[in-house]
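Below is one structure, written out as structure tokens; comments come after it.
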Amino acid sequence: VKAAGKGDYDFFRPELYARLRARFELEQALMQALEQNQFVLHYQPRVDTLSGEMASMEALVRWIHPERGLVSPAEFIPIAENTGLILRLGDMVMEKACAQIAAWKAMQLPELPVSINVSAKQFHAGKLHQKLSDCLRKYNVRADLLEVEITESSMMGEDNAIMEELAAIRALGIKLLVDDFGTGYSSLSQLQRLDMDILKIDRVFTNELDKSAEGKIFFKAIVSMAHALDMTVVAEGVESNAQLALLRELNCDEIQGYFISRPVPAEQIPALMQKLLLL
Ligand code: C2E
Ligand code: CA
Ligand code: CA
Ligand code: CA
């Protein structure tokens, strides 16, 4: 067999077959996992840069695979998105997050918001605001305790369906967060029109912060722009004290990252809620 080159359409390469097969198997396993409830949410604190207190936390899904153990969402979310399973997975995340907020409340812990990640597919499916509103009612959770993270790239363009859905969600009192900001090409006027509440700057920029002058300039510009639009700015992927010091200097409102805490199981959250996470 000759090596595959440009224009060489060899569909029966064994590696391609193996990849398709692995993917198919993962898809089947994912379907089964949904039926057998093999998912849990971990939570990562978002901390107020000035007070050092937890401001909110992000719910991040984990798959507890019977043989492989904890599987990262980076591995299964893309497959879930391509197969439509993301809709069921998304409903499940929403449900678990609301149930958790209610459980913490019942334990008389401070009532802090939880953000959930929502994929563009969930917006396109329609009626997302209805699902969110039903879920809040079911668990008797206040709308201001739920935040929705949507990546900058999935709200690009002038997609009316997404814009209407965002407005309907916001009308419920749920806060909207732009995730991975800086990696897409949304315009200032677009963010203003969409009335986004929180801007989370992608961790590649946090990484660049203490490495180059440009990195700091970029961050500074984003923070002042976001503040002018009345948005809260969050830096994600904060891993060092040096980054934190710069973020404080730049008036970044909140930080999230391994420097404070990795995403942890719900059981570990009460202890984190009750202490200062930054000095
Ligand atoms: P994301 O929304 O950008 O989430 C942040 C990711 O960065 C998480 O990875 C988190 O563990 C990781 N992270 C947090 N702090 C640090 C840090 O200081 N350094 C580094 N290097 N990484 C940090 P995770 O949990 O593996 O999630 C990966 C992605 O999977 C998420 O990226 C999100 O796009 C997706 N995802 C996770 N849960 C859900 C979900 O429930 N629904 C949907 N649609 N997507 C989800
Ligand atoms: Ca996120
Ligand atoms: Ca992010
Ligand atoms: Ca990211």
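The values are calculated or read from the model by the stated rules, or taken from the named source; none is laboratory data. Not measured: the values here are computed from a predicted model. Cβ sites come from the backbone with ideal geometry, for glycine too, and all protein chains shown count toward neighbours. Side chains included, ligands, DNA and RNA excluded: accessible areas come from the protein's heavy atoms. Shrake-Rupley method; radii C 1.70, N 1.55, O 1.52, S 1.80 Å.
Summary table
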read-out	value
Count of the range 105-122 residues which are within 16 Å of ligand 2 (Cβ to nearest atom) and either open to solvent by 50 Å² or more (accessible area, probe 1.4 Å) or closer than 18 Å to Ala143 by Cβ (or both)	8
Listing of strands (runs of 3 or more DSSP E) fully contained in the range 42-128 that carry 3 or more residues being closer than 24 Å to Leu199 by Cβ and not β-branched (Val, Ile, Thr)	54-65
Within the range 19-51, tally of residues that are within 25 Å of Ile260 (Cβ to Cβ) and either surrounded by 14 or more Cβ atoms within 10 Å (Cβ to Cβ) or in contact with a Lys or Arg (Cβ under 6 Å, 6 or more places away or on another chain) (or both)	11
Failed criterion for Lys200 (all others in (1) at pLDDT 95 or above; (2) among the charged types (D, E, K, R); (3) open to solvent by 40 Å² or more (accessible area, probe 1.4 Å) hold)	(3)
Condition check for Val233: closer than 28 Å to Ile101 by Cβ, open to solvent by less than 30 Å² (accessible area, probe 1.4 Å) and touching a His at 6+ places or on another chain (Cβ under 8 Å)	yes
Given (1) of a type in the set (S, T, N, Q); (2) at pLDDT 95 or above; (3) open to solvent by less than 50 Å² (accessible area, probe 1.4 Å), number of the condition Ser212 does not satisfy	(2)
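The rows are residues; the columns are (1) open to solvent by less than 10 Å² (accessible area, probe 1.4 Å); (2) touching a Phe, Trp or Tyr at 6+ places or on another chain (Cβ under 7 Å); (3) at pLDDT below 95; (4) within 15 Å of ligand 4 (Cβ to nearest atom).
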| position | (1), (2), (3), (4) |
| --- | --- |
| Ile174 | yes, no, no, no |
| Leu191 | yes, no, yes, no |
| Ser240 | no, yes, no, no |
| Gln256 | yes, no, no, yes |
| Gln268 | no, no, no, no |
